[in-house]
Amino acid sequence: MEFKRKPVTDIGIDETLKRFDEDKIKRAIDWVLNREASARLKVFVETCMRCGMCTTSCHHYLSHDQDPTYAPAGKVKQTIWDILNKKGNVTKEDIKKYARIVFSECNLCRRCVQFCPFGIDIAYLLSVVRRICCLIGAVPQYIQDQALSHMQTTNMLWFRQDEWLDTVQWLEDELKAEIKDAKIPVGKKNAEVLYLAHGLEAKYMTGLLTNMAKIMNVAKIDWTVPDTDGWDYTNKAFYACDFETMGKIVKTHYEVAFRLNVKKIVMGECGHAFRTGIYEGVRYLGWKESPIPYIHGVHFFYELLKEGRIKIAKKIEEPVTIQDPCNIVRYRGMGKMLRYIVSQLCENIIEMTPKDDHNYCCSAGGGMIDAGPAWKSARIEGGKIKAEQIKDTGAKIVIAPCHTCHKGIEDLNEYYKMGVHVKFLTDIIADLMEIPEEMKP
Amino acid sequence: MEQFFKDPSIYTFVRGPLLWLAFLVFFLGIFYRIATTLREAKKEKIVYPYLSLRYTLRSLFRWLIPYGSISMRRHPWFTAITFLFHICLIAVSLFLVAHVELWYESWEIRWWTLPVSLADGMTLIVIFCIILLILRRLFQSDIRFLTSSSDYLVLTLVALPFITGFFAHHELVLEYKTMLTIHMLSGEIMLMAIPFTKLSHMFMFFLTRAHTGSEFGAVRHSRDF
Ligand code: SF4
Ligand code: SF4
């Protein structure tokens with residue numbers, strides 16, 4: 001079986017490689033293989049029995065007519081095994097191929113790991129290759145750009161601190177039209193909750209931030225948002241396996257929380273950022289667990305509903321289905337909480353098969369959507385199985401509590417004509433909750 | 001051992017000193033591989049602090065009982081073949097009358113043995129399963145893509161002791177003693193190869209499952225099965 005792909009140009013990879021020679025590539029590989037990776041890499045590579053039990057677990061394999069070059073262990077063979085066989089003496093063309101595989105044909109969703117009899121962490125093996133590409137600099141341009149933005153501003157879209165403060169202020173003004181005396185407290189000390197937002201919510205998706213603020217006000221949460229950089233919870237450097245920047249971002253978030261002396265950090269509906277905030281970044285920084293609670297939107301809403309701090313006025317009647325984002329379900333077991341929330345909001349829930357922690361990735365995760373337009377068709381093709389899975393439910397609404405799943409499924413919807421609406425919990429809750437009379441303007 | 005010094009021949013060599021050597025390499029090799037792995041794992045910040053006995057056991061349990069994991073349920077035939085293969089392989093090696101007799105001769109210890117005809121059938125099952133595993137490698141596209149010659153070599157290493165053992169028992173192909181010598185020799189080569197080839201999955205299984213099981217259970221709060 002041959003590795004056959006349509007050519008794709010990505011200046012982040014192609015131009016970088018022009019500036020690099022094979023010697024430097026070898027140095028990057030040696031660094032990663034000898035200094036960073038150790039027992040796991042060795043044991044996982046040696047223990048793989050090439051049994052193929054992982055093959056059909058991967059949505060890329062299933063979506064590409066069972067092409068072995070898309071199978072989990074197949075991708076490992078074409079990347080890290082190849083590097084090890086060649087003892088790191090690889091060509092620029094090789095790196096280009098590896099980068100393509102690890103950034104645009106694997107979402108690091110770890111579904112395959114659940115299928116391997118030895119629990120071989122295939123996603124880890126492929127991320128070792130991402131790390132090599134990162135040190136060389138051969139990373140999709142869009143991810144590089146966002147990671148650079150994170151280095152300088154701690155947010156993903158080069159937003160300046162004053163722009164953030166400005167945005168929050170006008171959002172508060174707008175919210176006052178809906179909720180009397182609505183507040184978005186900025187930099188308030190000793191609050192219960194520090195809320196972090198998704199970068200896009202400050203620019204293109206402000207409605208989502210407003211809706212969260214609405215929920216906070218109605219639920220009477222003692223909350224605040226940062227008054228400095230560090231308000232954006234996203235962590236795109238993580239996708240490039242740029243751990244240094246990833247750690248710096250998470251550190252900034254906790255520093256803001258310590259400075260404001262809040263009890264916990266709450267974030268919205270996003271997968272990768274939750275994972276970096278709750279353990280990946282935390283471990284990198286040397287903590288065993290997060291020093292103060294780091295709560296995902298799903299968990300937060302679950303508590304609000306359980307404790308009756310918000311009441312739902314009416315339920316959605318149209319059939320809905322639930323997208324389990326890998327980063328909060330397979331990576332943090334939040335499937336039950338998610339289902340509880342949805343059951344409080346919707347009458348008619350039709351589950352996908354497989355579901356919960358065995359669910360298929362949306363094919364946009366793990367940085368595939370952040371790799372930008374050049375790689376869009378890769379994730380659309382890889383998402384074929386997801387599109388079929390959703391179509392089979394017959395649902396009209398897909399609830400996707402993750403920015404990446406949300407956008408990824410919207411794109412699938414457009415391409416595969418699924419005829420669904422993709423929704424965030426925040427928007428649904430803000431829409432359906434009771435607003436007490438005294439809060440109406 | 002004494003036999004070899006009294007009457008040095010290939011047969012007594014294979015039955016005496018080489019057998020000793022094989023067991024030595026087997027046990028020391030396993031010990032060495034596990035020890036180095038455990039030492040190297042210290043360099044990984046995320047391995048030891050998160051190991052959990054509960055989730056290690058959960059993971060091992062799910063993967064040691066037939067059809068305990070979603071993956072096995074999705075691959076019913078392959079699961080049946082691999083379980084049969086492994087059970088027969090281990091049972092015949094440990095409980096064959098002729099093997100237990102050898103232990104008795106040297107150490108005067110004895111344990112339960114398999115009825116001869118059952119052991120014979122199990123040997124055939126092992127051989128048959130190996131043929132199926134080879135066919136799978138040859139004809140299933142995703143596995144053929146992964147397979148290299150070393151995978152066939154490993155399968156051959158395992159097949160030889162069983163084929164020769166079967167032949168010796170039934171006095172087929174070659175004269176009994178010669179076949180028995182080849183049988184013991186191939187068994188010893190297999191034993192010595194276990195720690196240093198892909199056959200090491202025999203013990204590495206427990207280490208990788210401990211890590212992945214703990215990572216899924218204690219950190220990711222989800223299932224690894
Ligand atoms: S299931 Fe595990 S052992 Fe089998 S091929 Fe896949 S990674 Fe290798
Ligand atoms: S996309 Fe998911 S299932 Fe496929 S290889 Fe990557 S981690 Fe495994």
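The values are calculated or read from the model by the stated rules, or taken from the named source; none is laboratory data. Remember, it's a predicted structure, so these values are computed and weren't measured experimentally. Note that each Cβ is placed from the backbone with ideal geometry, even for glycine, and that neighbours are counted across all protein chains shown. Heavy atoms of the whole protein, side chains included, go into the accessibility calculation; ligands, DNA and RNA do not. Shrake-Rupley method; radii C 1.70, N 1.55, O 1.52, S 1.80 Å.
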- Query: Quick one: what pairs do we get from the range A:208-228, first residue at positive phi, second in a loop (DSSP other than H, G, I, E, B) and modelled with pLDDT of 95 or more, C-beta under 9 Å, 6+ apart or different chains?
  - Reply: A:Lys220/A:Arg309
- Inside the range A:68-94, can you point out the residues that are within 10 Å of ligand 1 (Cβ to nearest atom) and among the small types (Gly, Ala, Ser)? A:Ala71, A:Ala73, A:Gly74
- Can you pull out the residues in the range A:220-237 that are more than 24 Å from the chain's Cα centre (by Cα) and surrounded by fewer than 21 Cβ atoms within 10 Å (Cβ to Cβ)? A:Lys220, A:Ile221, A:Asp222, A:Asp227
- Task: Hey, can you tell me all the residues within the range B:140-163 that are open to solvent by 30 Å² or more (accessible area, probe 1.4 Å) and away from ligand 1 (no atom under 16 Å from the Cβ)?
- Result: B:Ser149, B:Leu153, B:Thr156, B:Leu157, B:Leu160, B:Ile163
- If you take the residues of the range A:115-139 that are assigned to a loop (DSSP other than H, G, I, E, B) and within 16 Å of ligand 2 (Cβ to nearest atom), which of them is surrounded by the fewest Cβ atoms within 10 Å (Cβ to Cβ)? A:Asp121
- Message: For the range A:315-335, check the following and say yes or no: at least one residue is in a loop (DSSP other than H, G, I, E, B) and within 15 Å of A:Ile215 (Cα to Cα).
- Response: no
- Message: If I filter the range A:367-376 for residues that are open to solvent by 50 Å² or more (accessible area, probe 1.4 Å) and out of contact with any His (no Cβ under 8 Å at 6 or more places or on another chain), do I get at least one hit?
- Response: yes
- State whether the residues of the range A:96-112 include one that is at the interface with chain B (Cβ under 10 Å from one of its Cβ atoms) and surrounded by fewer than 20 Cβ atoms within 10 Å (Cβ to Cβ). no
- So A:Asp10, is it within 24 Å of the chain's Cα centre (by Cα) and open to solvent by less than 50 Å² (accessible area, probe 1.4 Å): yes
- Message: Condition check: on the phi > 0 side of the Ramachandran plot, within 16 Å of ligand 1 (Cβ to nearest atom) and assigned by TED's automatic domain parsing to the domain that holds A:Ala73. Does A:Leu108 satisfy that?
- Response: yes
- Note on the structure: Residues of the range A:161-189 being in a loop (DSSP other than H, G, I, E, B) and among the aliphatic types (A, V, I, L, M), in sequence order, are A:Ala177, A:Ile179, A:Ala182, A:Ile184
- With respect to A:Cys51, is the statement that it is more than 9 Å from chain B (Cβ to nearest Cβ) and open to solvent by 10 Å² or more (accessible area, probe 1.4 Å) true? no
- Those residues that are away from chain A (no Cβ under 11 Å), small (Gly, Ala, Ser) and under 21 Å from the mean Cα position of the chain (by Cα), I need them from the range B:51-81; list them, please. B:Ala80
- Query: Among helices (runs of 4 or more DSSP H) lying entirely in the range A:26-109, which contain 2 or more residues that are away from ligand 2 (no atom under 12 Å from the Cβ) and within 30 Å of B:Trp63 (Cβ to Cβ)?
  - Reply: A:39-47, A:82-85
- Do we find a residue being farther than 30 Å from A:Val32 by Cα, within 11 Å of chain A (Cβ to nearest Cβ), in contact with a Lys or Arg (Cβ under 9 Å, 6 or more places away or on another chain) and among the hydrophobic types (A, V, I, L, M, F, W, C) anywhere in the range B:119-133? no
- Note on the structure: Considering residues that are surrounded by fewer than 13 Cβ atoms within 10 Å (Cβ to Cβ) and at the interface with chain A (Cβ under 8 Å from one of its Cβ atoms), the number found within the range B:21-38 is 0
- Item | All positions within the range A:356-376 that are of a type in the set (Asp, Glu) and within 14 Å of chain B (Cβ to nearest Cβ) | A:Asp356, A:Asp357
